[in-house]
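Notes follow once the structure below has been shown.
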Amino acid sequence: MPDMRVNKGKLQLKNPIMTASGTYGYNLEYEDFTDLTTLGAIVTKAITLEPRNGNPWQRIIETDCGMVNSIGLENVGIERFLKEKLPVLIKRKIDFAVNIAGSTLDEYTTLAKKCEDNSIKIIELNVSCPNVQHGCLEFGVDENTLGSLVKSVRSVFSGCLIVKLTPNVTSIEKLGLACQAAGADAVSAINTLKGTGIKLTFENGKFKKEQVTGGYSGRGIKPAALSAVMRLSKVLNIPIIGMGGIYSLNDVFEFFAAGADAVQIGTANFTHPDIAGKIVSELYSFMENNGFNTLDELKGALRNE
Amino acid sequence: MVQKQFKARIKHNRRTGKDLYIMDLQTPDGIFVSKPGQFISVLIPNKTLRRPLSIMSHTGDSLQLLYKVRGEGTKYLSELTEGDTVDFTGPFGNSFELKTRNLLIGAGVGIAPVYYLKSAGTGVNEGVNNSETRLIAGFKTKDEIPADLLPSIDFISTDDGSYGKQGSIVDYAKSYIEEFKPDNICICGPVIVMKLISQIALEKNIDCQVSMERMMGCSIGACRGCVIKINDNGTIKNAAVCKEGTVFDARKVFYGGHEHA
């Protein structure tokens, strides 16, 4: 019986397959498609201190090999999350991480403290949302600012602290190192790439244009994500959760080969809402059929090739 | 866990007007259950987002979709033939509600869900407590009328007069409302048509339901990609078209500004 557990410091998961924030709702949204209790963890939609309405239409556009979104962190806010969404996750025995986003250091710290007070085991800091005007991404692009933020959150949160990194920087390694030095337990990479989708049609003598500027995700970003994970893995000792364009078990293997310890599936959930659970069972069968007893054995084989 | 993902065999896929097709899918009777106004999301190979399509009719093991070829996704669908397989998820969204005297209005390909509503309502409600349901529809031109649906449509107008009365269905809806005296109006079509007809309905204090359309990400309310602003008893809030719609009480919908562009 293969052991799929991820056991890297405070990052403890029953298997390495997670779902990415923003694509999977808060709790049961995908329950008709996947047995949510089989997943390593679902990562909630980003939660802010106050509820947010997000950005106006148009929020999404399909592009070649992916999509661009500009949702703008629409969410119910931490109080409603704790009251309405969290109990369901606990009751249904779904493993989860709470993604939190703020516009000031104090907001992040307050959010993390509330998570601590509610015995939440894993949080993921969103310091890389490209779709809001203040905060968030500003924290994710400067290593000193990010270091102070992680340190402050670390001082109030004792569980597993993941920092989600943006690829929209010159050196993602420096940011990863700042997180590690400030006490983060893991980094996840990558958040969306800055992108613009434009769709033109010519009708009745006029151009009609649809345009969304925001975060580019999906199949097309996989090489950028693999590169980020590989660069991070060369300098970090803390575990790396890889994501970006994962659509199959083979994609998961590519991320393991690049140095990831776990992965998140994002945009692919829209295309195939059953994909996360399916990849968990495929990974299990693969390990069983090919004699891999632990994830480390599998990763070892992938990294030595 | 309710089964919401299906691989369905195509029974027929045929042209029924200019760029208009009807696809008949074989679905498991009693397992795939739908209501008028609901939609399914169809997987298009090598595309990231599924295409939401309204259900045009559904009886037993037969699910019919009416769709217009608009882009690569619908073009792909139009080229499929009998025996091919379609991966779809659904049904999603809420449904239209019938009352006593129902006026159903479809414009263009928006005829699909109101046609379903008429077929499903007839026989159930018809004749009971004097209930009556009529379907009227507007199209740009004769070529855009789905030929299969003609027998069920009580009144048709075309913008160019090539079939039925000439002019916009909005203008005829007004006199039709005067004459038929509905207590309930259900509309699906371009935003401008829904806006103008729902204004007439609300002025006359007639209940009115509109089916909104949006490009969708997840189809299940998770991604918040398809939200519109609604007025929920004085509170302005977001509603996901895929989950809280697609059918909304016309009183709650804003039509102005860029929110619905």
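The values are calculated or read from the model by the stated rules, or taken from the named source; none is laboratory data. Given the structure is predicted, the values throughout are model-derived calculations rather than measurements. Glycine gets a Cβ as well: all are built from the backbone with ideal geometry, and neighbour counts include every protein chain shown.
Observations, loosely collected:
- Taking the conditions (1) surrounded by fewer than 20 Cβ atoms within 10 Å (Cβ to Cβ); (2) within 14 Å of chain A (Cβ to nearest Cβ) in turn, B:Gln199 satisfies each one other than (2).
- B:Glu144 at pLDDT below 95, out of contact with any Pro (no Cβ under 9 Å at 6 or more places or on another chain) and closer than 16 Å to B:Pro190 by Cα: yes
- The residue that is farthest from A:Ser119 (Cα to Cα), among those in region A:84-105 that are β-branched (Val, Ile, Thr) and crowded, with 22+ Cβ neighbours inside 10 Å, is A:Ile100.
- Here A:Ile241 fits the description: farther than 30 Å from B:Lys140 by Cα and more than 14 Å from chain B (Cβ to nearest Cβ).
- Unmet criterion (only one of (1) in a strand (DSSP E or B); (2) within 26 Å of B:Gly225 (Cα to Cα)) for A:Val187: (2)
- Top-ranked residue of region A:13-52 - restricted to ones that are within 8 Å of another protein chain (Cβ to nearest Cβ) and either among the hydrophobic types (A, V, I, L, M, F, W, C) or over 26 Å from B:Ile228 (Cβ atoms) (or both), ranked as surrounded by the fewest Cβ atoms within 10 Å (Cβ to Cβ): A:Asp35
- Restricting B:Asp183, B:Asp207, B:Asp249 to those that are surrounded by fewer than 22 Cβ atoms within 10 Å (Cβ to Cβ) and either within 14 Å of another protein chain (Cβ to nearest Cβ) or within 23 Å of A:Pro56 (Cα to Cα) (or both) reduces the list to B:Asp249.
- Subset of region A:33-53 [in a loop (DSSP other than H, G, I, E, B) and either touching a residue at least 60 places away in the same chain (Cβ under 8 Å) or among the hydrophobic types (A, V, I, L, M, F, W, C) (or both)]: A:Phe33, A:Thr34, A:Asp35, A:Leu39, A:Gly40, A:Ala46, A:Thr48, A:Leu49
- In region A:210-222, the count of residues that are assigned to a loop (DSSP other than H, G, I, E, B) and surrounded by fewer than 19 Cβ atoms within 10 Å (Cβ to Cβ) is zero.
- Considering region A:254-283, the residues that are under 19 Å from A:Asn7 (Cα atoms) and either facing chain B (nearest Cβ under 10 Å) or of a type in the set (Phe, Trp, Tyr) (or both) include one that is nearest to the chain's Cα centre (by Cα), namely A:Phe255.
- Considering only residues in region B:1-20 that are within 14 Å of chain A (Cβ to nearest Cβ) and surrounded by 14 or more Cβ atoms within 10 Å (Cβ to Cβ), the one that is farthest from B:Gly93 (Cα to Cα) turns out to be B:Asp19.
- Conditions (1) within 19 Å of A:Asn75 (Cβ to Cβ); (2) in contact (Cβ under 8 Å) with a residue 60 or more places away in the chain: number failed by A:Glu29: (2)
- Strands (runs of 3 or more DSSP E) lying entirely in region A:54-152 (those with 3 or more residues that are at pLDDT 95 or above and either charged (D, E, K, R) or closer than 15 Å to A:Gly22 by Cα (or both)): A:66-69, A:96-100, A:122-126
Per-residue answers, yes or no, for (1) basic (Lys, Arg); (2) under 22 Å from B:Thr246 (Cα atoms); (3) part of a strand (DSSP E or B); (4) in contact with a Cys (Cβ under 8 Å, 6 or more places away or on another chain):
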residue: B:His12; (1), (2), (3), (4): no, no, yes, no
residue: B:Lys35; (1), (2), (3), (4): yes, yes, no, no
residue: B:Pro52; (1), (2), (3), (4): no, yes, yes, yes
residue: B:Val86; (1), (2), (3), (4): no, no, yes, no
residue: B:Phe96; (1), (2), (3), (4): no, yes, no, yes
residue: B:Val109; (1), (2), (3), (4): no, yes, no, no
residue: B:Lys118; (1), (2), (3), (4): yes, yes, no, no
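- Failed criterion for A:Arg231 (all others in (1) part of a loop (DSSP other than H, G, I, E, B); (2) more than 14 Å from chain B (Cβ to nearest Cβ) hold): (1)
- Test set (1) closer than 23 Å to B:Ser152 by Cα; (2) buried (at least 17 other Cβ atoms within 10 Å of the Cβ); (3) not assigned by TED's automatic domain parsing to the domain that holds B:Ala201 - B:Ala107 fails condition number: (3)
- Restricting attention to region A:65-84, the residues that are in contact with a Lys or Arg (Cβ under 9 Å, 6 or more places away or on another chain) and within 14 Å of chain B (Cβ to nearest Cβ) add up to 11.
- Looking across A:Asn55, A:Asn75, A:Asn126, one residue alone is surrounded by 18 or more Cβ atoms within 10 Å (Cβ to Cβ) and touching a Pro at 6+ places or on another chain (Cβ under 7 Å). It is A:Asn75.
- Unmet criterion (only one of (1) away from chain A (no Cβ under 14 Å); (2) within 19 Å of B:Gly37 (Cα to Cα); (3) hydroxyl-bearing (Ser, Thr, Tyr)) for B:Ser219: (1)
- When residues in region B:65-84 are screened for being buried (at least 16 other Cβ atoms within 10 Å of the Cβ) and either small (Gly, Ala, Ser) or not in a loop (DSSP other than H, G, I, E, B) (or both), 9 of them pass.
- Some residue of region A:158-169 being in a strand (DSSP E or B) and of a type outside the set (A, V, I, L, M): yes
- Positions within region B:35-64 being of a type in the set (Gly, Ala, Ser), more than 14 Å from chain A (Cβ to nearest Cβ) and surrounded by 20 or more Cβ atoms within 10 Å (Cβ to Cβ), in sequence order: B:Gly37, B:Ser54, B:Ser57
- Yes/no for B:Arg14 being at negative phi, free of Cβ contacts under 8 Å to residues at least 40 places away in the same chain and within 18 Å of the chain's Cα centre (by Cα): no
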